[in-house]
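**Q** Sharing a structure with you now.
The values are calculated or read from the model by the stated rules, or taken from the named source; none is laboratory data. Just so we're clear, the structure is a prediction, and the values are computed from it rather than from any experiment. Cβ placement follows ideal geometry from the backbone for every residue including glycine, while neighbour counts extend to all protein chains displayed. Keep in mind that these areas ignore ligands, DNA and RNA; they rest on the heavy atoms of the full protein, side chains included. Shrake-Rupley method; radii C 1.70, N 1.55, O 1.52, S 1.80 Å.
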Number of protein chains: 2
Amino acid sequence: MNLEAFLRTVSQQVDRKIDELLKPFEPKVLYEAMLYYLKGGGKRIRPALTAMGAFITGGHPEDAFTVGTAIEFIHNYSLIHDDLPAMDDDDFRRGKPSCHKAFGEDLAILAGDALLTYAFQVLSDASLFKKVSAERLLRVSNLIARKAGIEGMVKGQVMDVRKLGDPEEVARYKTAALIEASLVSGALLGSPTERELELLSKIGEKVGILFQVVDDYLDKEGFYEVFGPEGTKEVAQTFASMALQLIRELNKPEKTKLLEEFVYFLLKRMEEG
Amino acid sequence: MNLEAFLRTVSQQVDRKIDELLKPFEPKVLYEAMLYYLKGGGKRIRPALTAMGAFITGGHPEDAFTVGTAIEFIHNYSLIHDDLPAMDDDDFRRGKPSCHKAFGEDLAILAGDALLTYAFQVLSDASLFKKVSAERLLRVSNLIARKAGIEGMVKGQVMDVRKLGDPEEVARYKTAALIEASLVSGALLGSPTERELELLSKIGEKVGILFQVVDDYLDKEGFYEVFGPEGTKEVAQTFASMALQLIRELNKPEKTKLLEEFVYFLLKRMEEG
């Protein structure tokens, strides 16, 4: 399967999982606010990396989609809170009114809180998983909490809103941490060696920073403001090279082809943007 | 030990646990915003119930303080988000500027997010526990996520801000759910029977509603506005009686003495208020 077909499959599976995991409930307005961004598309990059991680180490794809969807809940909570007036104050997302514009600020705060909590509800529900031990599931939860919280995303958000740290540092925490957790949590669903986990963790970080560099290039902000167009392309190239080198060190070429393609896919997005 | 001495001990243990679990980190402003309400006192009712639950079923007290402190993180995140301008818009809490007044709205949103995420980081870290299996720890996490999220606290908050449901329904979700989870998660740390868990779950719910009724009586809102002073006292008496009856059904008088005392303590708070 090539990357394009793979990403399409992951999107379909995540859409299915969302409906399966989050069934209609009362109050309806909370359910709708939680689903508002989730069902609005998105590239499902994080679940795709979870699926790739599981593929590399022999995890069950269904378990990878469950974990990937939980991570997608966390990603979407962060988008909702990010858009709030006290944060980025964005009235629109993907051409539609942002969550607080559509549902009110109170509901947007609570829908974000609910999605974050629900992610950990899913990750602690052993009955939702096919082939993961309780010990392993705890480790998955713990990794995701660390990389979504004070060692990762929330830390990066604070650095961003308070202008602390350089673009690479901010990207490492704000964006790359959860992307790293996506890839590594997928790998934890199979039988990875500690060496593989270490490499995948580094790969996830490089890919995550690359992802932010490309985004900044396309939006002409962050890295772009500091390094300019050519400098930003060079930074992207550097992180891509580091990621590709680390992928080769995994020494599982038939298992890591998609991950390699994904690195080129990000670079191409920039070239074409 | 009588209830007063017990509550004092729990407070000390929770203060110690907070320092143990949440060590200074960068950015300092996030660490400080997370600690701001946590270190500002509070009655530590929830950890006390977790400790009582563990005492009833033979769980390790140290494990109960760890789980209770994680629940306290969740309780404090909910206070921070509750106080926000888009929610209750409270400028003060316990006589001090509220979190968003002291740190800004952006930091208050993020400190709440961080506390919620950190609670689940603690609950998924097996190395922090002395005597709990991975399976049991997952069950504790799952219960707390359910009762803090769309089946409990967040659901209740939405009902409250959107004026859905009567005071009892709102109290059941907004307040009682997490109080119930506190007691039951403590019980899960020992060797409870399913029947005991069922009874403790009901007891936690009654005690939680009683707690809200008493609070409303003292603040002259919620139940008080609907039932008036005498009616509210009757409602409190009803929930207290139901809780005491259920406690007797546990049939462990020497183990449930503190829990019984706690019910009388809540009633007395109202009488003296």
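**Q** Given the conditions (1) assigned to a loop (DSSP other than H, G, I, E, B); (2) open to solvent by less than 40 Å² (accessible area, probe 1.4 Å); (3) away from every other protein chain (no Cβ under 14 Å), which single one is not true for A:LYS17?
**A** Answer for A:LYS17: the failing condition is (1).
**Q** Another question about this same structure. Within segment B:237-259, can you find the residues that are open to solvent by less than 60 Å² (accessible area, probe 1.4 Å) and within 22 Å of B:GLY59 (Cβ to Cβ)?
**A** Of everything in segment B:237-259, those that are open to solvent by less than 60 Å² (accessible area, probe 1.4 Å) and within 22 Å of B:GLY59 (Cβ to Cβ) turn out to be B:ALA243, B:LEU246, B:ILE247, B:LEU250, B:LYS252, B:THR256, B:LEU258, B:LEU259.
**Q** Among the residues of segment A:142-167, how many are small (Gly, Ala, Ser) and open to solvent by 10 Å² or more (accessible area, probe 1.4 Å)?
**A** In the first step, residues of segment A:142-167 are kept if they are small (Gly, Ala, Ser); the result is A:145, A:148-149, A:152, A:156, A:165.
Now narrow it down to the ones that are open to solvent by 10 Å² or more (accessible area, probe 1.4 Å): A:165.
The number of residues fulfilling the criteria is 1.
**Q** Okay, next question. When residues of segment B:119-134 are filtered for being surrounded by fewer than 24 Cβ atoms within 10 Å (Cβ to Cβ), closer than 17 Å to B:ILE71 by Cβ and either among the aliphatic types (A, V, I, L, M) or at the interface with another protein chain (Cβ under 7 Å from one of its Cβ atoms) (or both), how many remain? Working first, answer last.
**A** Quick first cut of segment B:119-134, residues surrounded by fewer than 24 Cβ atoms within 10 Å (Cβ to Cβ) only: B:122, B:125-134.
With closer than 17 Å to B:ILE71 by Cβ added as a condition, the list becomes B:122, B:125, B:128-129, B:132.
Imposing the further condition that a residue be either among the aliphatic types (A, V, I, L, M) or at the interface with another protein chain (Cβ under 7 Å from one of its Cβ atoms) (or both) reduces the set to B:122, B:125, B:128, B:132.
Of the residues in segment B:119-134, 4 are surrounded by fewer than 24 Cβ atoms within 10 Å (Cβ to Cβ), closer than 17 Å to B:ILE71 by Cβ and either among the aliphatic types (A, V, I, L, M) or at the interface with another protein chain (Cβ under 7 Å from one of its Cβ atoms) (or both).
**Q** Looking only at segment B:81-117, count how many residues are touching a Leu at 6+ places or on another chain (Cβ under 7 Å), open to solvent by 10 Å² or more (accessible area, probe 1.4 Å) and at the interface with chain A (Cβ under 7 Å from one of its Cβ atoms).
**A** So the count comes out to 1.
**Q** Let me ask something else. Would you tally the residues in segment A:74-108 being within 28 Å of B:ASP89 (Cβ to Cβ) and part of a helix (DSSP H, G or I)?
**A** Restricting attention to segment A:74-108, the residues satisfying the condition of being within 28 Å of B:ASP89 (Cβ to Cβ) are A:74, A:76-93, A:96-108.
Add one more test, that the residue is part of a helix (DSSP H, G or I), and what stays is A:74, A:76-83, A:99-103, A:105-108.
Within segment A:74-108, residues that are within 28 Å of B:ASP89 (Cβ to Cβ) and part of a helix (DSSP H, G or I) number 18.
**Q** Of A:LYS163, A:LYS220, A:LYS174, A:LYS233, which residue is over 18 Å from the mean Cα position of the chain (by Cα) and within 14 Å of another protein chain (Cβ to nearest Cβ)?
**A** So the residue among A:LYS163, A:LYS220, A:LYS174, A:LYS233 that is over 18 Å from the mean Cα position of the chain (by Cα) and within 14 Å of another protein chain (Cβ to nearest Cβ) is A:LYS163.
**Q** Among residues belonging to segment A:216-232 that are surrounded by 19 or more Cβ atoms within 10 Å (Cβ to Cβ) and in contact (Cβ under 8 Å) with a residue 12 or more places away in the chain, point out the one that is nearest to A:LYS163 (Cα to Cα).
**A** Looking only at segment A:216-232, we keep the residues that are surrounded by 19 or more Cβ atoms within 10 Å (Cβ to Cβ), and these are A:216-217, A:222-224, A:232.
Narrowing further to those that are in contact (Cβ under 8 Å) with a residue 12 or more places away in the chain: A:216-217, A:222-223, A:232.
Values: A:ASP216: 16, A:TYR217: 19, A:GLY222: 11, A:PHE223: 14, A:THR232: 20 Å.
Here the residue is A:GLY222.
**Q** Hey, among the residues in segment B:28-67 that are touching a Gly at 6+ places or on another chain (Cβ under 7 Å) and of a type in the set (Gly, Ala, Ser), which one's most open to solvent (accessible area, probe 1.4 Å)? Working first, answer last.
**A** First pass over segment B:28-67, keeping only residues touching a Gly at 6+ places or on another chain (Cβ under 7 Å): B:46-47, B:49-54, B:57-59, B:64, B:67.
Among the residues that remain, those that are also of a type in the set (Gly, Ala, Ser) are: B:51, B:53-54, B:58-59, B:64.
Numbers: B:ALA51: 13, B:GLY53: 0, B:ALA54: 2, B:GLY58: 40, B:GLY59: 12, B:ALA64: 1 Å².
Here the answer is B:GLY58.
**Q** Here is a further query. Condition (residue is on the phi > 0 side of the Ramachandran plot and at pLDDT 95 or above) applied to segment B:102-109: is it met by at least one residue? Spell out how you get there, then give the answer.
**A** From segment B:102-109, those on the phi > 0 side of the Ramachandran plot are B:104; that's our starting set.
Filter once more, so that each one left must be at pLDDT 95 or above: B:104.
Yes: segment B:102-109 contains one or more residues that are on the phi > 0 side of the Ramachandran plot and at pLDDT 95 or above.
Yes/no matrix, rows are residues, columns are (1) closer than 18 Å to A:ALA119 by Cβ; (2) open to solvent by less than 10 Å² (accessible area, probe 1.4 Å):
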| residue | (1), (2) |
| --- | --- |
| B:GLU169 | no, no |
| B:ALA181 | yes, yes |
| B:GLY186 | no, yes |
| B:GLU194 | no, no |
